[in-house]
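These notes are about the structure you will find just below.
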Amino acid sequence: MWWIILASFMVPIPALVVNHFVLMSQFGLLNSLTGVVLPQLIAPVTVIIYKQFFDSVPRDFREAAVMDGATEFQLLWRLYLPMNWGITTALAIITFIGAWNYFLWPFLAITSQDKMNITVGITQVNDAFGVRYARLLSPAILAALPVTIVYLLFQRRVTQAIMLTAGIKG
């Protein structure tokens, strides 16, 4: 199973769009914000980072909790989740930044104008007279503003997530 997840990094993201489209269509989530966000949450990098984290947790913690009578659900909620809040926060920030800037999937999954994200909306600004750069710059700055604010507020967590992805401890 681990090799399948690692092999998924070799598949380019646009190749996965067809599968995402079929899945979201079957679940009835096309043209909804949930249908745009859900594929971002199950990215292979998220699975790999969580696996690396859970592999690094000493087995003694689990054994001690089981000896104290903890169930699997209690292990998850009282042991593992409190230990990985930092990683979860870092992955949420990285996922937000990636999803905010992603163009292809929201362009295909959302058809109504009121649900489009800003990267798709910027492409709709052009008119029959061609590209007017003055009209594109203000939405582009607005698109970059939330990502910049999130990065500045959570710079340490973003750096931590990137270091975890690269396998660097610090």
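Summary table below
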{"item": "Helices (runs of 4 or more DSSP H) wholly inside the range 12-103 containing at least 3 residues that are within 19 Å of Arg157 (Cβ to Cβ) and of a type in the set (Gly, Ala, Ser)", "result": "85-101"}
{"item": "One residue from Gly69, Gly121 being at positive phi and out of contact with any Lys or Arg (no Cβ under 8 Å at 6 or more places or on another chain)", "result": "Gly69"}
{"item": "Test: residue in the range 68-86 that is crowded, with 16+ Cβ neighbours inside 10 Å and under 30 Å from Leu145 (Cα atoms)", "result": "yes"}
{"item": "Matching residues, the range 108-138, being surrounded by 16 or more Cβ atoms within 10 Å (Cβ to Cβ) and in a helix (DSSP H, G or I)", "result": "Leu108, Ala109, Ile118, Thr119, Val120, Ile122"}
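None of the figures in this text is laboratory data; all of them are computed from the coordinates on show. Quick caveat, the model's predicted, so the values are computed rather than measured. Please note: Cβ atoms are built from the backbone with ideal geometry, for glycine as well, and neighbour counts cover all protein chains shown.
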